[in-house]
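Heads up, the thing below is written out as structure tokens.
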Amino acid sequence: MERSYDVVALGELLIDMTMNGKSGQGNALYEANPGGAPCNVLAMLKKLGHKVAFIGKVGDDIFGHELKGVLDEVGIDPKGLIIDKEARTTLAFVKTFEDGDRDFSFYRNPGADMLLKKEDVDLSLIRDAGIFHFGTLSMTHEGVREATLYAIEEAKKAGALISFDPNLREPLWNSLDEAKEQVLEGLKHCDILKISDNEIQWLTGKDDYIEGVEWIFERFDLRFMTVSLGKEGSMAFYRKDCDHAYIKAQAAPFLSKDTIETTGAGDTFGGCILHFVLEKGLDDLKEEDLKEMLTYANAAASIITTRRGALRVMPTSAEIENIM
């Protein structure tokens with residue numbers, strides 16, 4: 001069935017305040033980059049030629065209006081974006097360390113993104129999407145969690161594939177036990193999972209990634225999973241259906257001497273994975289298909305680490321193919 005949108009995502013749209021050097025007085029300088037994992041994924045997909053739309057909420061403030069303008073600029077349909085006159089847009093301050101690791105401080109108590117309600121969800125978008133994508137930042141609080149689960153339910157009824165990226169941000173949860181509960185809830189519903197190395201170890205208690213993947217496959221009905229490994233590259237796991245054994249592939253990273261920060265790299269990778277699914281489907285994939293997909297996604301993620309922010313600076317297909 002022909003759909004108006006290849007991918008519709010629900011979740012956070014915010015400002016990443018990213019460290020960008022120091023002033024002459026020695027004070028940290030922060031650059032206001034538009035961000036939010038679901039919209040980063042959509043921006044990558046749009047750059048690759050897909051029709052995408054976003055559902056979420058920002059504040060009626062300078063940042064909220066700027067973010068609405070950025071969606072228009074990059075070609076993400078903002079029909080499902082609500083500007084809340086009673087709330088402020090969420091800010092995420094990102095500190096990057098010399099080894100590339102990051103620390104986050106969120107100004108979100110409350111932030112507009114966590115105030116999305118069930119009745120705010122534009123069902124016309126969800127029912128007209130090939131893939132519905134979500135993460136767990138829209139599951140940290142009761143109201144927006146209800147909205148997220150409602151959207152998932154309606155997307156499944158409409159025959160959409162469900163894509164899930166846990167994107168764990170520990171400071172936003174009351175406890176890691178609550179976070180784990182909601183990640184497991186997300187796994188009940190998804191067909192496609194993108195998870196990171198540290199997240200799969202935390203969730204499953206398995207240091208070995210293969211054992212962690214098997215732990216998830218044994219408990220949930222999803223068919224397609226990728227594990228991003230940072231400087232070690234990435235892995236993919238696919239099973240034709242839940243009764244079949246999985247096949248797997250691994251691809252090396254494209255490490256760059258020009259890397260300045262890793263914010264958005266996982267979202268760029270995830271967008272490329274969904275691009276592959278839209279192009280190839282989920283039937284009868286082979287190991288070489290998975291390898292090709294991972295190589296392309298790793299290349300795109302490498303490029304984004306050389307740029308500040310992600311949403312408005314996603315790489316083109318030509319740039320990705322050039323470094324492959």
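Miscellaneous remarks
One line per residue, one yes/no per condition, for (1) surrounded by fewer than 23 Cβ atoms within 10 Å (Cβ to Cβ); (2) closer than 16 Å to GLY130 by Cα; (3) of a type outside the set (S, T, N, Q); (4) within 17 Å of the chain's Cα centre (by Cα):
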site: VAL8; (1), (2), (3), (4): no, yes, yes, yes
site: LEU14; (1), (2), (3), (4): no, no, yes, yes
site: ASN33; (1), (2), (3), (4): no, no, no, yes
site: PRO38; (1), (2), (3), (4): no, yes, yes, yes
site: LEU42; (1), (2), (3), (4): no, yes, yes, yes
site: HIS50; (1), (2), (3), (4): yes, yes, yes, yes
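- Residue match in the stretch 232-245 (condition: without any contact (Cβ under 8 Å) to a residue 24 or more places away in the chain, within 28 Å of VAL52 (Cα to Cα) and surrounded by 15 or more Cβ atoms within 10 Å (Cβ to Cβ)): yes
- Checking each residue of the stretch 16-35 against the condition of being in contact with a Ser or Thr (Cβ under 9 Å, 6 or more places away or on another chain) and under 26 Å from LEU149 (Cβ atoms) gives at least one match.
- Unmet requirement for PHE269, which otherwise passes all of (1) assigned to a loop (DSSP other than H, G, I, E, B); (2) touching a strand residue (DSSP E or B) at 6+ places or on another chain (Cβ under 9 Å): (1)
- Applying a threshold of 7 Å to beta carbon distances and a minimum spacing of six or more residues, or different chains, the list of pairs starting in the stretch 82-103 at a residue that is closer than 13 Å to LEU14 by Cα and at pLDDT 75 or above and ending at one that is of a type in the set (Phe, Trp, Tyr) and crowded, with 16+ Cβ neighbours inside 10 Å reads THR89/PHE63; THR90/PHE106; ALA92/PHE106; PHE93/TYR30.
- Just one of the listed residues (ILE192, ILE131) is in contact with a Phe, Trp or Tyr (Cβ under 6 Å, 6 or more places away or on another chain), surrounded by 19 or more Cβ atoms within 10 Å (Cβ to Cβ), closer than 25 Å to LEU290 by Cβ and of a type in the set (Val, Ile, Thr), namely ILE192.
- Residue ID - farthest from LEU255 (Cα to Cα), chosen from residues in the stretch 276-311 that are polar (S, T, N, Q) and surrounded by 15 or more Cβ atoms within 10 Å (Cβ to Cβ): THR295
- Restricting the stretch 28-75 to residues that are in a strand (DSSP E or B) and β-branched (Val, Ile, Thr), the residue that is nearest to LEU274 (Cα to Cα) is VAL52.
To keep it simple, each residue is scored yes or no on (1) under 27 Å from GLU12 (Cα atoms); (2) under 19 Å from the mean Cα position of the chain (by Cα); (3) modelled with pLDDT of 95 or more; (4) among the aliphatic types (A, V, I, L, M).
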| site | (1), (2), (3), (4) |
| --- | --- |
| LEU168 | yes, yes, no, yes |
| LEU203 | yes, yes, yes, yes |
| TYR209 | no, no, no, no |
| GLU214 | no, no, yes, no |
| ASP221 | yes, no, no, no |
| GLU232 | no, no, no, no |
| PHE237 | no, yes, yes, no |
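- Positions within the stretch 10-27 being in a strand (DSSP E or B), more than 28 Å from ALA160 (Cα to Cα) and either out of contact with any strand residue (DSSP E or B) (no Cβ under 9 Å at 6 or more places or on another chain) or in contact (Cβ under 8 Å) with a residue 24 or more places away in the chain (or both), in sequence order: ILE15, ASP16, MET17, THR18, MET19, ASN20
- Failed condition for MET324, given (1) out of contact with any helix residue (DSSP H, G or I) (no Cβ under 7 Å at 6 or more places or on another chain); (2) over 25 Å from THR204 (Cβ atoms); (3) of a type in the set (A, V, I, L, M, F, W, C); (4) at pLDDT below 95: (1)
The values are calculated or read from the model by the stated rules, or taken from the named source; none is laboratory data. Treat the numbers as computed from the prediction; the structure is a model and nothing was measured. Methodologically, a virtual Cβ is constructed for each residue, glycine included, from the backbone with ideal geometry; neighbour enumeration extends over all protein chains shown.
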